[in-house]
Amino acid sequence: MANNKSSKKRIQIADRNRLQNKSYKSSMRTLIKRCLSACGAYSPDSGEEAKANIQQSMGEAFSKIDKAVKRGVLHRNTGANQKSRLSSAVKKAIDPVVTT
């Protein structure tokens, strides 16, 4: 346990930051899962509304990832990796490769 004032304060600050980071990560994961499930539910005959839904969910997830990187919750390479993963899933869902 902490013996002096400064170490007690550092423990409190670390606890506060841990809870804030946990909240950011949780909401980011939720948005990523929402985007991936929208990609999974999409089919070419779903229409423009489903396509717009995927684009919107991807934009929200990208925004949350960028904010998490800016705040220091995620490393920038981790954020870039997550965005790449999402964009490739969206691309695969919207524009499937046609083999001939």
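A short reminder: the numbers here are calculations on the coordinates, not readings from a lab. Quick caveat: nothing in here was measured; it's all calculated off a predicted structure. When we count neighbours, we look across all protein chains shown, and the Cβ atoms used for this are built from the backbone with ideal geometry, even at glycine.
With unit charges on the beta carbon (Lys/Arg positive, Asp/Glu negative), name the residue among 69, 56, 46 whose Cα is farthest towards the positive pole of the charge dipole of the chain.
Value: 69.
Under the rule of -39500 (n - 2.57) per DSSP H run of 4 or more residues, summed and divided by the residues of the chain, what mean residue ellipticity at 222 nm is obtained, to the nearest 500 deg cm²/dmol?
Helix contribution divided over all residues of the chain: -28500 deg cm²/dmol.
Determine the gain in length on full extension of the stretch residue 92-residue 66; use 0.36 nm per residue of separation and subtract their C-alpha separation, reporting nm with one decimal.
7.1 nm
Under 21 Å from the Cα of residue 83, which lysines turn up, not counting those fewer than eight places away in the same chain?
Qualifying lysines at Cα under 21 Å: 22, 25, 33, 51, 64, 67, 70, 91, 92.
Given a Förster distance of 30 Å, report the FRET efficiency between residue 29 and residue 9 from their Cβ-Cβ distance, rounded to the nearest 0.05.
Calculated transfer efficiency: 0.50.
Over the stretch 22-93, what is the relative contact order in whole percent, taking alpha-carbon pairs under 8 Å and six or more residues apart?
Here the relative contact order equals 42 percent.
Can you give the charge dipole size of the chain about its Cα centre, rounded to the nearest 20 debye, using +1 on the beta carbon of Lys and Arg and -1 on the beta carbon of Asp and Glu?
Computed charge dipole of the chain: roughly 1100 debye.
If R₀ is 25 angstrom, what is the calculated FRET efficiency for the pair residue 48 and residue 22, using the beta carbon separation as r and rounding to 0.05?
0.10
Please give the direction-averaged projected area of the C-alpha convex hull for the chain, in square nanometres with one decimal.
Its Cα hull, projected and averaged over all orientations, spans 8.3 nm².
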